[in-house]
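Only the coordinates and a few stated rules stand behind these numbers; no lab work does. Everything numeric in this text was worked out from a predicted model, so none of it was measured. Positions of Cβ are generated from backbone atoms using ideal geometry, with glycine treated the same way; all protein chains shown enter the neighbour counts.
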């Protein structure tokens with residue numbers, strides 16, 4: 001229950017950060033998008049809608065975890081909730097593996113600020129969330 005609770009908090013916090021960034025917030029925004037090299041040229045520039053969609057998906061993942069982990073007893077788990085949790089296992093697992101160039105365990109571009117944060121924060125967080133969803137599917 002504590003594992004799920006920590007992950008739910010993290011998902012809501014990160015979702016809140018995305019809402020903050022969507023409406024012009026700058027804190028932390030310089031290191032959350034991969035850069036092509038040390039020059040700082042970003043690989044993409046997310047817009048308002050894309051950033052809000054990511055926030056909604058993170059909030060939804062937190063809700064799935066809360067239901068599957070029985071932290072919201074009024075909402076029983078169902079096959080749809082379990083499928084959603086499996087989807088989260090795969091999404092966070094694939095994010096941890098990465099694209100083999102800019103993000104994940106096997107990235108080749110390692111000399112950027114993003115790469116440093118990805119190595120020590122983003123990828124371990126994705127592995128943690130992947131593990132949490134997997135654990136919750138079998139032990140809740």
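Tell me the relative contact order for the chain as a rounded percent, counting alpha carbon contacts under 8 Å between residues six or more apart. Let's see the in-between values first.
Working: 176 pairs, mean separation 38.7, N = 140.
It rounds to 28 percent for the chain.
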Practice task
Any chance you could give the angle, 0 to 90 degrees and rounded to 10, that helix 123-139 forms with the longest Cα principal axis of the chain?
Solution key: 10
Practice task
Rank the residues 65, 137, 129, 75 as a footprinting-exposure proxy: fewest other Cβ atoms within 10 Å of their Cβ go first.
Solution key: 75, 137, 129, 65
Handout entry: Against the rule of thumb 2.2 N^0.38 Å, how large the Cα Rg of the range 55-118 comes out
Key = 1.46
Completion exercise
Ranked on Cβ counts within 10 Å of their own Cβ, fewest leading, 56, 49 go 49, 56
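Just rank 122, 20, 9, 138, fewest to most, by other beta-carbon atoms within 10 angstrom. Don't skip to the end; give the middle numbers.
Working: 122 21, 20 16, 9 11, 138 6.
The most exposed by this proxy come first: 138, 9, 20, 122.
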Fill in the blank from the handout: Debye calc, one equal point scatterer per Cα of the range 15-137, no solvent, log10 I(q)/I(0) at q = 0.16, 0.22 1/Å comes to -0.85, -1.27
